[in-house]
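Enquirer: Provided herewith is a single structure, encoded as structure tokens, for subsequent inquiry.
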Amino acid sequence: MKPTAYISGVAQLVYLPEKCVGCGLCAIVCPHRVFAMEGGKAVLRNKDLCMECGACERNCPVGAIQVRSGVG
Amino acid sequence: MYEEVSGPDLLRAQKRGTLTTPIGEVHVVDTQWRVQDIAGHMGVRFGYRRYRYHIEPGIYAVGEPDETSVVIATANYKPSFDHVRKNVEGHHAWILVLDTHGINVWCAAGKGTFGTGELIRMIQTRNLDQLVSHRKIIVPQLGAPGISAVQVQRQTGFTVVYGPVRARDISAFISADFLASETMRDVTFTFTERMALAPLEWVHGLKYYVLFILLWIAAVWFLIDKQTVVDQLPFVMGTYMGALLVGTALFPALLPWLPGRAFSVKGLSLAIAWMLCMTLITGATLLTTAHGLLQCAIILFLSLNFTGSTTFTSLSGVKLETARSIPMMALLALVGMIGIVITTKGGI
């Protein structure tokens, strides 16, 4: 178990791959490497590592990601 | 809470004169940390001047930067700035300090104060486009929750380059032409990082501890007698301080090794372990057990409280387990307090 794994199945993260244009920003900004770039598109590696910080949603230029983010 | 900067200039000793630039005079700061910097950092960790430890927003220079030098954005929380200036050692750089009201980068980003609007405002009002010939600005990766790189680009022409998570990787990042390794982009929660949060949690709990002890003394003195206070005070003061330390220092220390993923499960486990140890050491009586139950409730509460201080918990998860834990906390506290009321008089 990764030291920074929290409760599974609760993170409210929605990713729509069909909208992805492959800019790579989500993979750069995520603090827990939830996204990775594969074949020019973003893929969700492990949704349970998401802490809902909202960095990915804020930086996605095409609105392919939705996160229910709080203040932190 | 946020004092306007008419207070002491916390960078007076770190300033090394000014640089004349196309946008005017820019303060140069050195890369060294002084005793006052280290003391200040430790102080805020204990809550001293925690909301009054900030510097004037604006542009600062490290070394002898020119129009080709890197620009690095950071918050006006002094430790944030201190970590950046220390770690650009070896490079010439401009540091763009945003007004985050004395809050660090990641927290301010979550709140929106280390935000797109503020970054755009600073770039425009300080005429960054006249200071540097390139159009890149390094923004800490943890500023991303508050920064839309696309919008900054559109409105200022500057490209946001997300830098490493930790300031200590800045130098390597710049040397590698803004290439970050996976490690530079991964947020951890190491033992040291966890323990750095403990002093403040403990100091906050201390106020309630003092209040509780005073209340206990008053209640027992006036409702029972002075002798009972004298007999039981060492036990009460000692074990509740123990519970406070368990909840604020031992919990963070043992976090990854405590059972389960929910902090309530981890916390309850630690609380039960504490109660067993405490009652065995002080003598397993109804009285000590009753106090033990109340202390369990306290430790469980402190453990849940810690979810707000981590680098990885999600709001959804915290809301879920907090709601689920309230009945347990209430039960433990209630049974404990009733037990204390019943058993204190007889010292049983």
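The values are calculated or read from the model by the stated rules, or taken from the named source; none is laboratory data. Since this is a predicted model, take the numbers as computed values, not measurements. Glycine also receives a Cβ, built like all others from the backbone with ideal geometry; neighbour counts cover every protein chain displayed.
Enquirer: Is it the case, given these coordinates, that B:Val165 is among the aliphatic types (A, V, I, L, M), touching a residue at least 40 places away in the same chain (Cβ under 8 Å) and either in a loop (DSSP other than H, G, I, E, B) or over 21 Å from A:Asn59 (Cβ atoms) (or both)?
Expert: no
Enquirer: Being touching a residue at least 24 places away in the same chain (Cβ under 8 Å) and polar (S, T, N, Q) is the filter here, so list the residues in the stretch A:37-62 that pass it.
Expert: Within the stretch A:37-62, A:Asn59 is the sole residue that qualifies.
Enquirer: Take B:Leu233 and tell me if it is farther than 19 Å from B:Gly292 by Cα, among the hydrophobic types (A, V, I, L, M, F, W, C) and touching a helix residue (DSSP H, G or I) at 6+ places or on another chain (Cβ under 8 Å).
Expert: no
Enquirer: Any residue that is farther than 30 Å from B:Val161 by Cα, assigned to a loop (DSSP other than H, G, I, E, B), among the acidic types (Asp, Glu) and more than 14 Å from chain A (Cβ to nearest Cβ) - is there at least one of those in the stretch B:199-217?
Expert: Taking every residue of the stretch B:199-217 in turn, none turns out to be farther than 30 Å from B:Val161 by Cα, assigned to a loop (DSSP other than H, G, I, E, B), among the acidic types (Asp, Glu) and more than 14 Å from chain A (Cβ to nearest Cβ).
Enquirer: Only one of B:Thr192, B:Thr159 is surrounded by fewer than 17 Cβ atoms within 10 Å (Cβ to Cβ), touching a Lys or Arg at 6+ places or on another chain (Cβ under 6 Å) and modelled with pLDDT of 95 or more; which?
Expert: B:Thr159
Enquirer: Take the stretch A:37-58 and flag every residue that is among the basic types (Lys, Arg) and facing chain B (nearest Cβ under 7 Å).
Expert: Matches in the stretch A:37-58: A:Arg58 only.
Enquirer: Give the residues of the stretch B:78-133 that are among the small types (Gly, Ala, Ser) and either over 21 Å from the mean Cα position of the chain (by Cα) or surrounded by 20 or more Cβ atoms within 10 Å (Cβ to Cβ) (or both), sorted by residue number.
Expert: B:Ser80, B:Gly90, B:Ala93, B:Gly102, B:Ala108, B:Ala109, B:Gly110, B:Gly115, B:Gly117, B:Ser133
Enquirer: Scan the stretch B:107-131 for residues that are closer than 23 Å to B:Ala180 by Cα and either β-branched (Val, Ile, Thr) or in contact (Cβ under 8 Å) with a residue 60 or more places away in the chain (or both) and jot them down.
Expert: B:Thr116
Enquirer: Please go through the stretch B:76-94 and pick out each residue that is under 19 Å from B:Pro57 (Cβ atoms) and either in contact with a His (Cβ under 8 Å, 6 or more places away or on another chain) or among the acidic types (Asp, Glu) (or both).
Expert: Once the filter is applied, which keeps residues that are under 19 Å from B:Pro57 (Cβ atoms) and either in contact with a His (Cβ under 8 Å, 6 or more places away or on another chain) or among the acidic types (Asp, Glu) (or both), the stretch B:76-94 yields B:Asn76, B:Tyr77, B:Lys78, B:Pro79, B:Asp82.
Residue by residue, here is whether (1) in contact with a strand residue (DSSP E or B) (Cβ under 6 Å, 6 or more places away or on another chain); (2) crowded, with 16+ Cβ neighbours inside 10 Å; (3) farther than 16 Å from B:Val97 by Cβ holds:
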position	(1), (2), (3)
B:Glu25	yes, no, no
B:Val28	yes, yes, no
B:Tyr48	no, no, yes
B:Arg52	no, no, yes
B:Val62	yes, yes, no
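Enquirer: Next question. Only one of B:Val44, B:Val70 is β-branched (Val, Ile, Thr) and under 20 Å from B:Lys111 (Cβ atoms). Can you tell me which?
Expert: The unique qualifying residue is B:Val44.
Enquirer: Would you call A:Val34 free of Cβ contacts under 8 Å to residues at least 24 places away in the same chain, more than 9 Å from chain B (Cβ to nearest Cβ), crowded, with 17+ Cβ neighbours inside 10 Å and among the hydrophobic types (A, V, I, L, M, F, W, C)?
Expert: Yes.
Enquirer: How many residues are more than 10 Å from chain A (Cβ to nearest Cβ) and in contact (Cβ under 8 Å) with a residue 40 or more places away in the chain if we restrict to the stretch B:140-157?
Expert: Looking only at that region, the number is 1.
Enquirer: What number of residues within the stretch B:166-180 satisfy the criterion of being within 12 Å of another protein chain (Cβ to nearest Cβ), out of contact with any Pro (no Cβ under 7 Å at 6 or more places or on another chain) and not basic (Lys, Arg)?
Expert: 2
Enquirer: Related question: A:Ala11 fails exactly one of the following numbered conditions: (1) within 9 Å of another protein chain (Cβ to nearest Cβ); (2) closer than 22 Å to B:Leu179 by Cα. What is the number of that condition?
Expert: Exception for A:Ala11: condition (2).
Enquirer: Counting only residues that are within 20 Å of B:Gln227 (Cα to Cα) and surrounded by fewer than 18 Cβ atoms within 10 Å (Cβ to Cβ), how many does the stretch B:321-348 have?
Expert: 7
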